[in-house]
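Engineer: Submitted below is the structure of interest, expressed as structure tokens.
The values are calculated or read from the model by the stated rules, or taken from the named source; none is laboratory data. Because the structure is predicted, anything quoted here is derived from the model rather than measured. No Cβ is skipped: glycine too gets one built from the backbone with ideal geometry, and neighbour counts run over all protein chains shown. Note: areas computed on protein heavy atoms with side chains; ligands, DNA, RNA excluded. Shrake-Rupley method; radii C 1.70, N 1.55, O 1.52, S 1.80 Å.
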Amino acid sequence: MTTKELSSGIVRATLILTAIALSLLFLYKISTVIIYGLISVVFTLLLNPLVLFLKRKLKFKNTLAVVVSMILVILLLIGIGFLFIPLLISQGENLSLLDIQSLEQNYNRLLSNVINYLESYNIDVEKVFKSTNLTSFSNFEFIPIFLNTILNTIGNIGMGFASVLFISFFLLKERASFFNAFRNVLPFNQKEKILNSVNKINEMLSKYFLGLLLQLFIILVLYSFVFIIFGVQNALIIALLCAVLNIVPYIGPIIATFVAGLLIMISSIGTGVDFATETVPTTIYVLIGMLIIQVIDNNISAPLIFSKSTNSHPLEIFLVVLIAGILSGITGMIIAVPFYTCLKVIGKEFLPENKVIKALTKNL
């Protein structure tokens, strides 16, 4: 090899590595758009049966069927949102949200009740606050930060929801055109494998999301049962909120437990109910009930539902979600299972003789 050839090879390799690095950086910068696109694809898969029903059974034209389907989904989401209004009004009245001074007094009263209860069991709360850097929670300093976080989150969700609706509308409306264009650009020698993969992925993801809805419904029923037994106010609404939080694997149930306990304690403010003898025991009983439900869900219903819908071992799913959480946080945990399912389908179609792929996809 001559010096010129070696230099040319080094330059070529450097350019390739640079192009790869820039491509990865670009993908990272537009990761939010990619996530919107993936959510839109999922939304399209879930909504497509309704569109087909309107077209075939009610003889709607394609555009009208898509518009009606989108409107029905928006109305459904608005209806679910309205379910939470009684909860917000109830908690707003308890916390006197329109009176900042009263809000601070009620917060301090709740905090004082918790501290007194813990100190009765010889737990030094002040020492715990200092050791865990939670001193801001001993006063009212965290409230502005918390409210700003909530507002930013709501704004991001609103923008994301609008983006998903916009993308989904055109994916549904131009579904046939997009599919034909996609099929036409496929390499001829790989076209059959790619189309088989797409059809299989479509089938598997539909089963997965139906399984997810079934899991959330089971959790909703069980949570409602526990909350009603212990006389929790707005039991069905809180159960729905906690069930929705379970969309986030493993972390969602922890957040749901915290939210439920907090709402129960807030509901007791100003009602004359004794904090130590009534509020705390009720909260503990409810949290124990939720823990039992999570044990049932994590060990029976969820593994059974998802192993059937994705043809994956429960331990396999757990490891995939854990790794995705480490790499991409909550977003990664939510999309981990469907993304992994897609990879398995593609792997089986294109690398059927690979030993690792064969072991992972033996049930597909």
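Engineer: Within the group VAL295, VAL337, which residue is open to solvent by less than 80 Å² (accessible area, probe 1.4 Å) and free of Cβ contacts under 8 Å to residues at least 40 places away in the same chain?
Structural biologist: On the way: VAL337 fails: free of Cβ contacts under 8 Å to residues at least 40 places away in the same chain.
Only one candidate passes the filter, namely VAL295.
Engineer: Further, regarding this structure: Restricting attention to region 256-265, does a residue exist that is under 16 Å from the mean Cα position of the chain (by Cα) and within 23 Å of LEU45 (Cβ to Cβ)?
Structural biologist: Within region 256-265, none of the residues are under 16 Å from the mean Cα position of the chain (by Cα) and within 23 Å of LEU45 (Cβ to Cβ).
Engineer: A further question on this structure: So, of the residues in region 192-212 that are more than 18 Å from LEU304 (Cα to Cα) and hydrophobic (A, V, I, L, M, F, W, C), which turns out to be most open to solvent (accessible area, probe 1.4 Å)?
Structural biologist: Only one residue tops the list, namely VAL198.
Engineer: Tell me the residue from LEU15, LEU64 that is modelled with pLDDT of 80 or more and surrounded by 11 or more Cβ atoms within 10 Å (Cβ to Cβ), please. Break it down into steps so the answer makes sense when it comes.
Structural biologist: Values: LEU15 fails: surrounded by 11 or more Cβ atoms within 10 Å (Cβ to Cβ).
Going through LEU15, LEU64 in turn, the sole match is LEU64.
For (1) closer than 22 Å to ASN299 by Cβ; (2) at pLDDT below 80, each residue gets a yes or a no:
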| site | (1), (2) |
| --- | --- |
| GLY231 | no, no |
| ASN234 | no, yes |
| LEU240 | no, no |
| VAL244 | yes, no |
| PRO249 | yes, yes |
| ILE254 | yes, no |
| VAL259 | no, no |
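Engineer: In addition: For region 278-289, give me each residue that is closer than 18 Å to SER267 by Cα and not aromatic (Phe, Trp, Tyr).
Structural biologist: Our first condition is that a residue be closer than 18 Å to SER267 by Cα; within region 278-289, this holds for 278-287.
GLU278, THR279, VAL280, PRO281, THR282, THR283, ILE284, VAL286, LEU287 - these are the residues of region 278-289 that are closer than 18 Å to SER267 by Cα and not aromatic (Phe, Trp, Tyr).
Engineer: If a residue has to be within 14 Å of ILE219 (Cβ to Cβ), of a type outside the set (Ser, Thr, Tyr) and open to solvent by 40 Å² or more (accessible area, probe 1.4 Å) to count, how many in region 238-253 make the cut? Can you show your working first?
Structural biologist: Residues of region 238-253 that are within 14 Å of ILE219 (Cβ to Cβ), as a first pass: 238-250, 252-253.
Restricting the remaining residues to those that are of a type outside the set (Ser, Thr, Tyr) gives 238-249, 252-253.
Next, only the ones that are open to solvent by 40 Å² or more (accessible area, probe 1.4 Å) stay: 241, 244-245, 247.
Going through region 238-253 one residue at a time, the tally reaches 4.
Engineer: Continuing with this model, one more query. Looking at region 344-356, which of its residues are hydrophobic (A, V, I, L, M, F, W, C), surrounded by 13 or more Cβ atoms within 10 Å (Cβ to Cβ) and either in contact (Cβ under 8 Å) with a residue 12 or more places away in the chain or over 19 Å from GLU192 (Cβ atoms) (or both)?
Structural biologist: Residues satisfying the conditions are VAL345, ILE346, PHE350.
Engineer: When you look at LEU47, is it part of a helix (DSSP H, G or I), open to solvent by less than 60 Å² (accessible area, probe 1.4 Å) and either under 30 Å from GLY332 (Cβ atoms) or modelled with pLDDT of 80 or more (or both), yes or no?
Structural biologist: It is true that LEU47 is part of a helix (DSSP H, G or I), open to solvent by less than 60 Å² (accessible area, probe 1.4 Å) and either under 30 Å from GLY332 (Cβ atoms) or modelled with pLDDT of 80 or more (or both).
Engineer: Can you find, within region 308-329, the residue that is farthest from THR361 (Cα to Cα) among those that are small (Gly, Ala, Ser) and within 19 Å of the chain's Cα centre (by Cα)?
Structural biologist: Step one: filter region 308-329 for residues small (Gly, Ala, Ser), giving 309, 312, 324-325, 328-329.
After this cut, where a residue has to be within 19 Å of the chain's Cα centre (by Cα) as well, the list is 309, 324-325, 328-329.
Numbers: SER309: 14, ALA324: 20, GLY325: 23, SER328: 25, GLY329: 26 Å.
Step by step, filter region 308-329, then rank; the result is GLY329.
Engineer: I need a count of the residues in region 174-189 that are open to solvent by 60 Å² or more (accessible area, probe 1.4 Å) and either assigned to a helix (DSSP H, G or I) or among the basic types (Lys, Arg) (or both). It would help to see each step written out before you state the result.
Structural biologist: Residues of region 174-189 open to solvent by 60 Å² or more (accessible area, probe 1.4 Å): 175-180, 182-185, 187-189.
Still in the running and either assigned to a helix (DSSP H, G or I) or among the basic types (Lys, Arg) (or both): 175-180, 182-184, 188-189.
Summing the residues that are open to solvent by 60 Å² or more (accessible area, probe 1.4 Å) and either assigned to a helix (DSSP H, G or I) or among the basic types (Lys, Arg) (or both) in region 174-189 gives 11.
Engineer: Is it fair to say ILE229 is touching a residue at least 12 places away in the same chain (Cβ under 8 Å), open to solvent by 70 Å² or more (accessible area, probe 1.4 Å) and out of contact with any Lys or Arg (no Cβ under 8 Å at 6 or more places or on another chain)? Spell out how you get there, then give the answer.
Structural biologist: Working: touching a residue at least 12 places away in the same chain (Cβ under 8 Å): yes; open to solvent by 70 Å² or more (accessible area, probe 1.4 Å): yes; out of contact with any Lys or Arg (no Cβ under 8 Å at 6 or more places or on another chain): yes.
Yes; evaluated as a whole, the condition is true for this residue.
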